[in-house]
Amino acid sequence: MSSQPEVAVGSAKQRVEARLKVTGRAPFTADHGTAHGLEEVAHAVIVDSSVGRGRITSIDTTEADAVPGVVRVISHANAPTLPYDDNAGRSLNPPGERLRVFQDDRVLFFGQPVAVVVADTLEAAQHAARLVEVRYDAEDPVTDLGAAPADEPVRYSRGDAEEALGSAPVRLDLTYRLARNHHNPMEPHATVARWEGDRLTVWDKTQWVGDGTQRELSTVFGLPREQVRVISPYLGGAFGSALRCWPHVTIAALAARETGRPVKLVLTRRQLYTGTGFRPAYEYRLRIGADRHGRVLATDHDIRSETSSYETFTEAVTAPGQTLYRTPHVRQAYRTVPLDVNTPTWMRGPGFASGVHVLETALDELAHELGIDPIELRRRNEPEQDEVSGLPFSTRRLLECYAVGAREFGWAERNPTPGSTRDGNWLVGIGTASAVCETGRSAARASVQLRVDGTALVQSATSDMGPGTYTSMTQIAADELGVDLDDVVFRLGDSDLPPAPSHSGSKTTASVGSAVLDGARQVRQKAVELAVADTRSPLYGADPADVVVAHGVLRSRNDPARRDSYRALIGRNGRSRLEAIGAYVPPTGQSHSMSAYGAVFAEVGVDSALGLVRIRRMLAVYDVGRIINPLLADSQAVGGMVGGIGMALLERTVTDHRDGRIVNANLADYLVPVSADVHDLRAIFLDGRDDHADPLGVKGLGEVVQVGVAPAIANAVFHATGRRVRELPITVEALL
Ligand code: MOS
């Protein structure tokens, strides 16, 4: 079958849902239940624990019950036992036992849900929630990563790192501390739940309607999967926070079942900090041994990160140290430290953002120590293959990223001496760092329907938390079908649709996109076969391989006068549509090691008197395979850089270790970059594709763009000031 012309793919299309969003007509989760016929919706407000650990001794709801409009107060004192039947599978839950809502009197962290008030109005529920009188037998919580004992480590080693470190001519022993970060998406997490008999429908903010939220709810309530439907068409950001089905989703569904009413539950900004997850804090000791030419001989990684007392959360923090550079001897010990906190979760660039920060700052330290240019140092440590698997890289153009970036950013004009460049009161520095993130792919399906009016409906139970899935899938389908972009509608975010993997790990385009590609190809082939076998078609008897489709018109390549159209063809044959289920299944057994790469450059100014850091400009050059939509890719990259600026300079969740309370659980005190913090951010994507990765040739870019940003900034701060801050965020206090 002939290959199709590329029209939409590769072009900078605006988001197909942009108008809906800017006109307020895209229904986000909390919009449901008001405009969608659920007039009887009741409102739920969660009561959180005000101690960091202990037991609930009593719950007095007398005053709360008396508030007009209050329907019910539910807590462990009156909640039914829920099945929590793990036979349905674990979804994305880490090892351990998930927090079971209202099943006992234990308090495991400050802010844990201990009751929910359901009322006719939000105001009544909020008021009554304050009147619920909870008494505790409180204990002292342990929330300080530095002061608590760790679990047994997960270890990795190759070679003999201890021996090699002992004999290395150059040695560095560095300890880094990375703050806890919270996702803080614009849209708060919310759930609307409705029961019809023993069937549950939830509108929920989720990055995984199917094997995530649907499966978790079926597990919790002991229902067959098909009795739970999860709907989530639009997300106002997530960054990983909506990957798990958190306790409040269960609470909303429970409240709806107990009251016999549809229930809406929206977490407050404060509740997002303990009601979902976070990027865990790290203490990371890295020892490096190198020769005088800057070739790394050995690394030893001692990593501690926080987890909860009830689940063990780990992420890919060890991966960069294993594969980013040629390193004959590596030893790693990765220890989780159980604390009286809620469980951490994935946050953009999970594991990689933290691990790469340490590695890339340490390499900058090594470069400075040896007087070698930081980019040259990386060139000297370029691996020939993946040193863990022994596999060749599918594509690895990291050094090309550096070459392009150095040229475009003006790296050659940089005076290598720290503290040597001034602009008035500002010390100016330039730093660079690598970015890397593994390429992910998972099985996915998509249905494609080509209708008699010539339009197509393409559907998959994936999600779009912001990267532009609606648009990229529309582009892929349009080209493969040979129809105009406006003639394709892509639907997602409904567990009734064909299954898709979690919208995470930079794998949506590779996985769902490949399924869309397959489904569209099947439908086009059906149409072409129908035409060449149709005696009434001008294409009757043509070679199917000779037929191309554009703008819904099928035509013979050799004889363009012979043409038919989807509309005429389908109508003439008495069909209402042609359809197929597209599928993508990643190959078993990897032939190549696949990752997305980038080189990030930052120029900062540091106020010599005040220690203020300002980002003057940034550039990142990426090797992420093929770009489906340059506009969306650019917006991903800029968003990742903004997230990285936050990680480097601003974001830090602060806990009061006396009672386990997060003291800055709001957007006034938890700082994120605003427009004034963000100036000249530029991204370049290397041309090309990765044919080993997936049928589309993409390597994924949503995660890698937040990796390498913080170390580029930290290295620029060092270059500006000569001050090495091994703590994130880099604060004014550390620079004074
Ligand atoms: Mo991404 S942290 O896998 O949503």
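The values are calculated or read from the model by the stated rules, or taken from the named source; none is laboratory data. Here the structure is a predicted model, which is why all the values come from computation and not from measurement. Here the Cβ positions follow ideal geometry from the backbone for every residue, glycine too, while neighbour counts run over all protein chains shown. These area figures cover heavy atoms from the full protein model, side chains too; ligands, DNA and RNA do not enter into them. Shrake-Rupley method; radii C 1.70, N 1.55, O 1.52, S 1.80 Å.
Has the stretch 522-534 got any residue that is under 18 Å from residue 477 (Cβ atoms) and of a type in the set (D, E, K, R)?
For the stretch 522-534, residues under 18 Å from residue 477 (Cβ atoms) and of a type in the set (D, E, K, R): present.
Exactly one of (1) in a helix (DSSP H, G or I); (2) within 18 Å of the chain's Cα centre (by Cα) is unmet by residue 476. Its number?
Going through (1) in a helix (DSSP H, G or I); (2) within 18 Å of the chain's Cα centre (by Cα) one by one, residue 476 breaks only (2).
Being within 20 Å of the chain's Cα centre (by Cα) and away from the ligand (no atom under 16 Å from the Cβ) is true for just one of 249, 263. Which residue is that?
249
Given (1) among the charged types (D, E, K, R); (2) open to solvent by 10 Å² or more (accessible area, probe 1.4 Å); (3) within 16 Å of the ligand (Cβ to nearest atom), identify the lone condition not met by residue 699.
Just one mismatch for residue 699, condition (2).
Hey, residue 629 hits all of (1) touching a Ser or Thr at 6+ places or on another chain (Cβ under 8 Å); (2) of a type in the set (S, T, N, Q); (3) over 27 Å from residue 15 (Cβ atoms) but one; which does it fall short on?
Going through (1) touching a Ser or Thr at 6+ places or on another chain (Cβ under 8 Å); (2) of a type in the set (S, T, N, Q); (3) over 27 Å from residue 15 (Cβ atoms) one by one, residue 629 breaks only (3).
Among 652, 689, 726, 661, which is the only one that is more than 16 Å from the ligand (Cβ to nearest atom) and under 28 Å from residue 372 (Cβ atoms)?
The unique qualifying residue is 726.
Can you report the number of residues in the stretch 612-666 which are farther than 21 Å from residue 273 by Cβ, crowded, with 20+ Cβ neighbours inside 10 Å and hydroxyl-bearing (Ser, Thr, Tyr)?
1
Quick one: which of 343, 327 is touching a strand residue (DSSP E or B) at 6+ places or on another chain (Cβ under 6 Å), over 21 Å from residue 645 (Cα atoms) and within 16 Å of the ligand (Cβ to nearest atom)?
Of 343, 327, the one residue that is touching a strand residue (DSSP E or B) at 6+ places or on another chain (Cβ under 6 Å), over 21 Å from residue 645 (Cα atoms) and within 16 Å of the ligand (Cβ to nearest atom) is 343.
For the stretch 163-176, give me the residue count where each residue is in contact with a strand residue (DSSP E or B) (Cβ under 7 Å, 6 or more places away or on another chain) and either surrounded by fewer than 17 Cβ atoms within 10 Å (Cβ to Cβ) or of a type in the set (A, V, I, L, M) (or both).
Residues meeting the conditions: 9.
If a residue must be surrounded by 24 or more Cβ atoms within 10 Å (Cβ to Cβ), touching a residue at least 60 places away in the same chain (Cβ under 8 Å) and more than 16 Å from the ligand (Cβ to nearest atom), how many such residues does the stretch 483-501 contain?
3
For (1) in a strand (DSSP E or B); (2) of a type in the set (Val, Ile, Thr); (3) open to solvent by 10 Å² or more (accessible area, probe 1.4 Å); (4) touching a residue at least 40 places away in the same chain (Cβ under 8 Å), each residue gets a yes or a no:
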site	(1), (2), (3), (4)
206	no, yes, no, yes
214	no, no, yes, yes
220	no, yes, no, yes
236	no, no, yes, yes
240	no, no, no, yes
249	no, yes, no, yes
258	no, no, yes, yes
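Filter the stretch 533-586 down to the residues that are of a type in the set (D, E, K, R) and in contact with a strand residue (DSSP E or B) (Cβ under 6 Å, 6 or more places away or on another chain), then identify the one that is surrounded by the fewest Cβ atoms within 10 Å (Cβ to Cβ).
557
For the stretch 2-29, name all the residues that are among the hydrophobic types (A, V, I, L, M, F, W, C), surrounded by 14 or more Cβ atoms within 10 Å (Cβ to Cβ) and in contact with a Pro (Cβ under 8 Å, 6 or more places away or on another chain).
Matches in the stretch 2-29: 26 only.
To keep it simple, each residue is scored yes or no on (1) part of a loop (DSSP other than H, G, I, E, B); (2) touching a His at 6+ places or on another chain (Cβ under 9 Å); (3) open to solvent by 10 Å² or more (accessible area, probe 1.4 Å).
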residue: 265; (1), (2), (3): no, yes, no
residue: 274; (1), (2), (3): no, no, yes
residue: 283; (1), (2), (3): no, no, yes
residue: 286; (1), (2), (3): no, yes, no
residue: 301; (1), (2), (3): no, no, no
residue: 307; (1), (2), (3): no, no, no
residue: 358; (1), (2), (3): no, yes, no
residue: 366; (1), (2), (3): no, no, no
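Residues in the stretch 396-405 that are touching a residue at least 40 places away in the same chain (Cβ under 8 Å) and either part of a helix (DSSP H, G or I) or surrounded by fewer than 16 Cβ atoms within 10 Å (Cβ to Cβ) (or both): how many?
Adding up the residues that qualify gives 6.
Just checking, how many residues over the stretch 502-532 are surrounded by fewer than 24 Cβ atoms within 10 Å (Cβ to Cβ) and within 16 Å of the ligand (Cβ to nearest atom)?
So the answer is 1.
Out of all the residues in the stretch 73-81, is one or more touching a residue at least 60 places away in the same chain (Cβ under 8 Å), surrounded by fewer than 17 Cβ atoms within 10 Å (Cβ to Cβ) and not acidic (Asp, Glu)?
Checked against the condition, which is being touching a residue at least 60 places away in the same chain (Cβ under 8 Å), surrounded by fewer than 17 Cβ atoms within 10 Å (Cβ to Cβ) and not acidic (Asp, Glu), the stretch 73-81 yields at least one hit.
Tell me yes or no: at least one residue of the stretch 180-190 is farther than 19 Å from residue 492 by Cβ, part of a loop (DSSP other than H, G, I, E, B), away from the ligand (no atom under 16 Å from the Cβ) and charged (D, E, K, R).
Looking for residues that are farther than 19 Å from residue 492 by Cβ, part of a loop (DSSP other than H, G, I, E, B), away from the ligand (no atom under 16 Å from the Cβ) and charged (D, E, K, R), one finds none in the stretch 180-190, hence no.
For every residue, the table says whether it meets (1) within 30 Å of residue 377 (Cβ to Cβ); (2) not polar (S, T, N, Q).
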residue: 122; (1), (2): no, yes
residue: 125; (1), (2): no, yes
residue: 132; (1), (2): no, yes
residue: 138; (1), (2): no, yes
residue: 141; (1), (2): no, yes
residue: 144; (1), (2): no, yes
residue: 149; (1), (2): no, yes
residue: 154; (1), (2): yes, yes
residue: 181; (1), (2): yes, no
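Here are some residues: 680, 694, 687. Which one is closer than 30 Å to residue 588 by Cα and open to solvent by 40 Å² or more (accessible area, probe 1.4 Å)?
None of the other options fit; the residue is 687.
Could you tell me how many of the residues in the stretch 441-465 are outside any loop (DSSP other than H, G, I, E, B) and aliphatic (A, V, I, L, M)?
7
Suppose the filter is open to solvent by less than 50 Å² (accessible area, probe 1.4 Å), assigned to a loop (DSSP other than H, G, I, E, B) and modelled with pLDDT of 95 or more; does residue 33 pass it?
So residue 33 does not fit the description; no.
Given the criterion at pLDDT below 95 and more than 26 Å from the chain's Cα centre (by Cα), identify the matching residue among 87, 78.
Unique residue meeting the criteria: 87.
Could you list, in sequence order, the residues of the stretch 309-324 that are open to solvent by less than 10 Å² (accessible area, probe 1.4 Å), outside any loop (DSSP other than H, G, I, E, B) and within 14 Å of the ligand (Cβ to nearest atom)?
Hit for the stretch 309-324 is 317, nothing else.
Quick one: which strands (runs of 3 or more DSSP E) sit completely within the stretch 56-168 and have at least 2 residues that are within 30 Å of residue 328 (Cβ to Cβ) and not aliphatic (A, V, I, L, M)?
Where strands (runs of 3 or more DSSP E) fall fully within the stretch 56-168 and carry at least 2 residues being within 30 Å of residue 328 (Cβ to Cβ) and not aliphatic (A, V, I, L, M), they are 154-158.
Is it fair to say residue 378 is of a type outside the set (Val, Ile, Thr) and within 16 Å of the ligand (Cβ to nearest atom)?
So residue 378 fails the test.
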